[in-house]
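Let me begin by presenting the structure, written as structure tokens, before commenting on it.
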Amino acid sequence: MTHRPFNVLFLCTGNSARSILAESILRKDGAPHFNAFSAGSQPRGSVNPFALKVLESYDYPTDGFRSKTWDEFAVEGAPEMDFIFTVCDDAAGEACPVWLGHPANAHWGIEDPSHVEGTDLEKEAAFVTAFKYMRNRISAFTALPIASLDRMALTTHLHDIGKMEGASSKAGASGK
């Protein structure tokens, strides 16, 4: 029996940088086994241009991205999520909507590259770093033998991925 692709939602407060990076990386590296989505609790309304520039420079998809609210994924008719990962510390601490299906979740916090001040080169370098940390997490995630892991083992692996190099201060904490 073939399982439908797993639906994965990446959450961040603004849905303009880290969650967009994660969605694009999983969209390419996880196909056809994963469907990737991203959203924010307080979306900025636009995607950070440095996120798109870095994705494009590494040959990752940049089409169709928009900064959107997580409420879009908590309504009837929305895709049912199998996994939800918070990628910023603020979103990990916020009260999230109730998700249908009780998806597995973890916190994969990475410092916000959009908070870096300086030249455009310094800002872009921060996005490259965030991209690499996120790509490493997603690579570890897509390598998991998901079908053969029980819920507790899977949860342990997901939290361990959140503690990989580049983890922000609350990494590994429960993403609600």
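The values are calculated or read from the model by the stated rules, or taken from the named source; none is laboratory data. Remember, predicted model here, so these are calculated numbers, not experimental data. Note that each Cβ is placed from the backbone with ideal geometry, even for glycine, and that neighbours are counted across all protein chains shown. When the accessible area is computed, the model is the full protein with side chains, heavy atoms only, and any ligands, DNA or RNA have been set aside. Shrake-Rupley method; radii C 1.70, N 1.55, O 1.52, S 1.80 Å.
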Problem set entry | Among (1) in a helix (DSSP H, G or I); (2) within 14 Å of the chain's Cα centre (by Cα) - the single one residue 125 does not satisfy | (2)
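How many residues are touching a residue at least 12 places away in the same chain (Cβ under 8 Å) and in a helix (DSSP H, G or I) when one looks only at region 32-56?
Residues in region 32-56 being touching a residue at least 12 places away in the same chain (Cβ under 8 Å) and in a helix (DSSP H, G or I): 6 in total.
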Seminar exercise, completed: Restricting attention to region 32-57, the residues that are exposed (fewer than 15 other Cβ atoms within 10 Å of the Cβ), over 20 Å from residue 5 (Cα atoms) and of a type outside the set (D, E, K, R) number exactly 4
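Here is a yes/no grid of residues against (1) of a type in the set (A, V, I, L, M); (2) crowded, with 18+ Cβ neighbours inside 10 Å; (3) touching a strand residue (DSSP E or B) at 6+ places or on another chain (Cβ under 9 Å); (4) at pLDDT 95 or above:
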| residue | (1), (2), (3), (4) |
| --- | --- |
| 102 | no, no, no, no |
| 133 | no, yes, yes, yes |
| 143 | yes, no, no, yes |
| 171 | yes, yes, yes, no |
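Give the residues of region 67-79 that are in contact with a helix residue (DSSP H, G or I) (Cβ under 9 Å, 6 or more places away or on another chain) and either exposed (fewer than 14 other Cβ atoms within 10 Å of the Cβ) or over 18 Å from residue 113 (Cα atoms) (or both), sorted by residue number.
70, 78, 79, listed by residue number.
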Seminar exercise, completed: When residue 59 is run through (1) in a helix (DSSP H, G or I); (2) modelled with pLDDT of 95 or more; (3) acidic (Asp, Glu), the failure sits at (1)
Problem set entry | Residue that is farthest from the chain's Cα centre (by Cα), among those in region 14-31 that are surrounded by fewer than 24 Cβ atoms within 10 Å (Cβ to Cβ) and part of a loop (DSSP other than H, G, I, E, B) | 31
For this session: Starting from region 140-154, take each residue that is without any contact (Cβ under 8 Å) to a residue 60 or more places away in the chain and list its partners that are open to solvent by less than 30 Å² (accessible area, probe 1.4 Å) and not in a helix (DSSP H, G or I), counting only C-beta distances under 6 angstrom and pairs at least six apart or across chains.
Result: 154/104
